[in-house]
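We did not get these values from a lab; they are worked out from the coordinates using the rules stated. All figures in this text were calculated on a predicted structure; none of them were measured in a lab. Here the Cβ positions follow ideal geometry from the backbone for every residue, glycine too, while neighbour counts run over all protein chains shown.
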Amino acid sequence: TGRSSKIVGARARELHADFVLTGVENKIEALEGLLKEYGLSWEEAAYMGDDLNDLPLLEKVGVSGCPENACDENRDAADFISHFKGGEGAAREFVEHILKAQGRWDEAVDSFRHD
């Protein structure tokens, strides 16, 4: 995100995110660095964004998404438009959509079951 916020970091820890990037000025450079670090291509990346500063990434990644309340340009560019607004479940719905398309949804659900 372009924002710098302790709340974002705290939420990332709650979600057990492997990394979080805040205060990013050039999102293409930042994502390009992550892709290189993990040995991935742009086609293998997914990205969700709501505003115009996200548009270049939506047009570059393999799977793009936006929340219901994204700007019109992002909605036009996105492969997936959430039924939810940003901050109200849009990212979770996007992840679910991707996992189901990959046939990995049941595996994800099972990871929350405790035997």
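Couple of notes before you dig in:
- In sequence order, segment 6-13 has phi-based couplings of 5, 5, 4, x, 5, 5, 4, 5 Hz under the Karplus curve 6.51 cos²θ - 1.76 cosθ + 1.60, θ = phi - 60°, and Gly or Pro positions carry x.
- Residue-averaged 222 nm ellipticity for the chain, from DSSP H runs of 4+ at -39500 (n - 2.57), nearest 500: -11500 deg cm²/dmol
- Pairwise Lys count, the chain - Cα closer than 21 Å, eight or more residues apart or different chains: 5
- Taking θ as phi - 60° and the Karplus parameters 6.51, -1.76 and 1.60, the scalar couplings of segment 77-88 work out to 8, 6, 6, 9, 10, 5, 7, 10, 6, x, x, 10 Hz in sequence order, x denoting glycine and proline.
- Highest mobility in the GNM of the chain, judged by mean-square fluctuation with C-alpha springs under 10 Å and restricted to ALA77, ALA30, ALA12, is found for ALA12.
- Per-residue Karplus couplings for segment 44-58, computed as 6.51 cos²θ - 1.76 cosθ + 1.60 with θ equal to phi - 60°, are listed in order as 8, 9, 10, 8, 10, x, 10, 10, 4, 5, 8, 4, x, 6, 4 Hz, Gly and Pro entered as x.
- Most fluctuating residue given options GLU43, GLU59, GLU68, as computed from a GNM of the chain linking Cα atoms under 10 Å: GLU43
- Percent RCO, i.e. relative contact order, over the chain, from Cα pairs under 8 Å lying at least 6 residues apart: 15
- Ranked packing of 17-26, 95-104, most packed first, by mean Cβ within 10 Å: 95-104, 17-26
- For the chain, the Cβ-based charge dipole about the Cα centre amounts to some 400 debye (Lys, Arg positive; Asp, Glu negative; other atoms uncharged).
- Amide hydrogen proximity for ASP79: with H placed 1.01 Å from N in the peptide plane, the residues at 5 or more positions away or on another chain lying under 5 Å are SER64, GLY65.
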